[in-house]
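Coordinate-derived values only; no laboratory data. Keep in mind that this is a model prediction, so the values were computed, not measured. Heads up, the Cβs are rebuilt from the backbone with ideal geometry, glycines too, and the neighbour counts pull from every protein chain shown.
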Amino acid sequence: MARKMWMRGTVAALSATALLALGACSSEQAPAAEGEETTSYDGGETEEAGDELISIGFSQVGAESGWRAANTKSIQDTLTADNGFDLSFSDAQQKQENQIQAIRSYIAQGVDVISFSPVVETGWGPVLEEAKAADIPVILTDRAVDTEDDTLYESFIGSDFVLEGEMAGEWAVEQYDGEGYQMVELQGTTGSAPAIDRKEGFADAISGSDIEVIDSQTGNFTRTEGKQVMEGFLQKYDEIDLVFAHNDDMGLGAIEAIEAAGMTPGEDIKIITIDAVKDGMQALADGKINYIVECNPLLGPDLAEVAQKVVAGEEVEKRIVVEDKTFDQEAAVEALPSREY
């Protein structure tokens, strides 16, 4: 289900009317876990001093990629005081324990809404039960949690990762089936929803083709680890024809390793990635990446809309799927001048 982006002006308009009855919200930030970065993000003053804000505590996975930076910017640029929100933001630095501590801090603080992008799928039951007991609604963004009790969260906003993997795999089959290609895979963070689902979708799409996956290892969604894993693949295997990277950053790391080995990325070794951030799109336009499936990071407007509805007691969709596109070289060249992220 594709969803149109909700514009900030809608938030400002609603905050001046439907939200006047809400209680005043604290502007305190959640205490940081050890090594965790936590900030309170006001983003400006309210238009009227009497406006009361929705307090929302958001725990981000980290800052591992260009995609994550764009996602964080979208959330911070949208959930502003001008738009009717008091945002407390924490960076979990890729550690689940940091996110759990931040969520418990938001519960103790008594925020109106808790939102987070989970580092991994499992292990969230107890802290989500605590939020439910405190009558604080939870909104998931980008990544899902693995739970049989879907009353523990109000809504999940994000892409269909299985579909992203399928689209990448279908293009690979269309282009390379019959060539006897040997492929390596750069997986995302082990246990994370996008890593699990993109792997599944791609594998399903190439089943029945003669594309052979000869190795698959995690690069943790980072450019540095993507390069390191690709260097290992190049040392281990005499022939690699295709790389499937679960995100652009690992694909960009693979490009560095391929070039350092004296080969031409996009020609000697084909590369397919997911995300479509600017650096990845530029590499696609330059012919170093062959195909990219988009994963839209601009989730701030959807999160704002759902948070307002939840606080107002309105029903919300349990699953909100954002629209993703696909890009070949020609499409990347056309899209780059106006690319937002």
Worksheet entry | P(r) weight above 19 Å for region 161-295, C-alpha pairs, percent | 40 percent
Worksheet entry | Two-site FRET efficiency, Glu129 against Leu163, from Cβ-Cβ distance with R₀ of 35 Å, rounded to 0.05 | 0.70
Worksheet item: How high is the FRET efficiency from Glu200 to Ala312, r the C-beta distance, R0 51 Å, rounded to 0.05?
Response: 0.90
Item to complete: Could you tell me which of the pairs Lys95/Lys132; Lys132/Lys199; Lys95/Lys270 are separated by over 30 angstrom between their Cα atoms in the structure shown?
Response: Lys132/Lys199; Lys95/Lys270
Item to complete: Please list 121-131, 93-103 highest first by mean number of surrounding beta-carbon atoms within 10 Å per residue.
Response: 93-103, 121-131
Worksheet entry | Estimated distance in nm for a label pair at Asp268 and Asp286, the labels positioned 7 Å out from Cα along Cα-to-Cβ | 1.6 nm
Practice prompt. Treat each spin label as a single point 7 Å out from the Cα along the C-beta direction, and report the Arg319 to Glu52 distance in nm.
Written response: 3.6 nm
Response to the item:
Expressed to two decimals, the chain has a Cα Rg over Rh, using the Kirkwood radius, of 1.01
Worksheet item: Using a simple charge model, +1 on the beta-carbon of Lys and Arg, -1 on the beta-carbon of Asp and Glu, nothing else, what dipole does region 161-295 show about its Cα centre, in debye to the nearest 20?
Response: 420 debye
Worksheet item: Using 1/(1 + (r/R0)^6) with R0 = 25 angstrom and r between the beta carbons of Asp177 and Asp77, what's the FRET efficiency to the nearest 0.05?
Response: 0.05
Fill in: Percent of beta bridges antiparallel (DSSP, the chain, rounded to nearest 5)
15 percent
Worksheet item: Could you give the angle, 0 to 90 degrees to the nearest 10, between helix 223-236's Cα long axis and the longest principal axis of the Cα atoms of the chain?
Response: 20 degrees
Discussion item. Looking at the chain as a GNM with Cα springs under 10 Å, which of Tyr181, Tyr237, Tyr291 has the largest mean-square fluctuation?
Written reply: Tyr237
Item to complete: Per residue of region 135-145, in order, report the coupling 6.51 cos²θ - 1.76 cosθ + 1.60 (Karplus, θ = phi - 60°) as ³J(HN,Hα) in whole Hz, putting x for Gly and Pro.
Response: 6, 10, x, 10, 10, 8, 10, 6, 10, 8, 10
Worksheet item: Lys/Arg Cβ at +1, Asp/Glu Cβ at -1, dipole of the chain taken about the Cα centre: which of Tyr237, Gln96, Ile214 is farthest positive-ward?
Response: Gln96
Worksheet item: What is the dipole size for the chain, taken about its Cα centre, with +1 at each Lys and Arg Cβ and -1 at each Asp and Glu Cβ, in debye to the nearest 20?
Response: 480 debye
Discussion item. Could you sort the peptides 329-339, 242-252 by per-residue average Cβ neighbour count (10 Å cutoff), highest mean leading?
Written reply: 242-252, 329-339
Worksheet item: Per-residue HN-Hα couplings for region 291-304, Karplus 6.51 cos²θ - 1.76 cosθ + 1.60 at θ = phi - 60°, whole Hz, x for Gly and Pro?
Response: 6, 9, 9, 6, 10, 6, x, 7, 9, x, x, 5, 4, 4
Worksheet item: How far, in degrees from 0 to 90, does helix 193-206 lean away from the longest principal axis of the Cα atoms of the chain, to the nearest 10?
Response: 40 degrees
